[in-house]
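Read-outs: derived from the displayed coordinates by stated rules, not from any lab. This structure is a prediction, so every number in the text was calculated from the model and none was measured. When we count neighbours, we look across all protein chains shown, and the Cβ atoms used for this are built from the backbone with ideal geometry, even at glycine.
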Amino acid sequence: MPSILTVSAFSDNYIWLLCDDKQRYGAIIDPGDAKPVIETFEKKNIEAVAILITHRHSDHVAGISALLKKYPDLPVYAPKTEKITRRTHAVEQDDTIELEKIGIKLQILDTFGHTAGHISYYTKGLLFCGDTLFSNGCGRVFDGTIEELYQSLQKIAKLPVDTKIFCAHEYTLDNIGFAKWVEPENQDLLQHETTCLKLIDQDQATVPTNLADELKTNPFLRCDQKTVIEAAEKFAGKSLNSPVEVFTTLRRWKDTQYD
Ligand SMILES: [Zn+2]
């Protein structure tokens with residue numbers, strides 16, 4: 001089993017280090033900053049083997065150059081359709097990456113929406129999904145479309161429910177606040193809030209989350225549920241005829257009233 005280390009960066013980013021079970025080798029996912037990554041590798045004596053990028057935003061890629069200076073031959077896997085300087089391997093849906101030293105194969109999923117070419121990295125039990133799905137929330141739409149983001153979340157929702165979700169930001173408590181606007185009586189959500197408040201209080205990350213919990217608590221994955229539909233219709237002031245309309249309404253509601 002791979003071992004995954006959490007590196008905090010900036011105010012709320014997570015850079016994930018995907019390592020082999022003995023933590024001898026590590027792949028770096030979305031290095032917005034090189035310094036804390038290099039510090040962790042040096043402290044733990046881990047050898048860097050690859051950089052994996054989910055999308056082009058600077059808080060996910062700004063550390064690439066400094067990492068390549070330190071580790072010159074690292075392959076840089078990144079979305080095929082996004083402009084990412086220093087990319088060595090352009091990847092897209094259904095491509096597979098083999099990280100031999102870590103003993104893992106990762107499948108690429110196109111998860112467009114937050115950006116037009118955003119991808120995620122999946123292997124049985126683990127998903128690294130950048131800014132597509134967050135615990136109890138989802139990414140904003142920058143240069144993708146809301147329909148693409150909806151389809152990307154649906155794609156994630158169909159993965160095995162025990163999949164751990166490694167998203168790139170600590171947004172959970174903030175997201176729970178909005179999720180409670182939508183489903184104030186969702187007991188799973190309220191319980192999740194209690195758990196997360198304790199974790200934050202102890203200075204611990206609330207992520208990774210897992211798909212089973214997200215399906216019970218994340219309104220953006222629950223657009224076919226009666227409570228969520230009713231809340232979205234109340235905000236929209238009209239009836240909504242499909243889950244994608246509910247999803248679009250939730251995203252607009254959060255963007256315009258909550259954030
Ligand atoms: Zn982003």
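Miscellaneous remarks
- Sole exception among (1) touching an Asp or Glu at 6+ places or on another chain (Cβ under 8 Å); (2) of a type outside the set (S, T, N, Q); (3) surrounded by 15 or more Cβ atoms within 10 Å (Cβ to Cβ); (4) under 26 Å from T111 (Cα atoms) for A212, by number: (3)
- Those residues of the range 88-125 which are free of Cβ contacts under 8 Å to residues at least 12 places away in the same chain and not in a loop (DSSP other than H, G, I, E, B), in sequence order: E98
- For D174, the conditions (1) within 16 Å of the ligand (Cβ to nearest atom); (2) under 15 Å from the mean Cα position of the chain (by Cα) all hold with the exception of (2).
- Among the residues here, T6 does not qualify as among the hydroxyl-bearing types (S, T, Y), assigned to a loop (DSSP other than H, G, I, E, B) and closer than 27 Å to V141 by Cα.
- Residue match in the range 131-145 (condition: away from the ligand (no atom under 16 Å from the Cβ) and surrounded by fewer than 20 Cβ atoms within 10 Å (Cβ to Cβ)): no
- Single residue of the range 17-52 satisfying the filter (more than 16 Å from the ligand (Cβ to nearest atom) and among the small types (G, A, S)) that is surrounded by the fewest Cβ atoms within 10 Å (Cβ to Cβ): A48
- Taking the criterion of being among the basic types (K, R) and out of contact with any Phe, Trp or Tyr (no Cβ under 9 Å at 6 or more places or on another chain), the residues of the range 213-252 that qualify are K216, R222, K226, K234, K238.
- Of the residues making up the range 53-87, those that are more than 16 Å from the ligand (Cβ to nearest atom), among the hydrophobic types (A, V, I, L, M, F, W, C) and in a loop (DSSP other than H, G, I, E, B) number 1.
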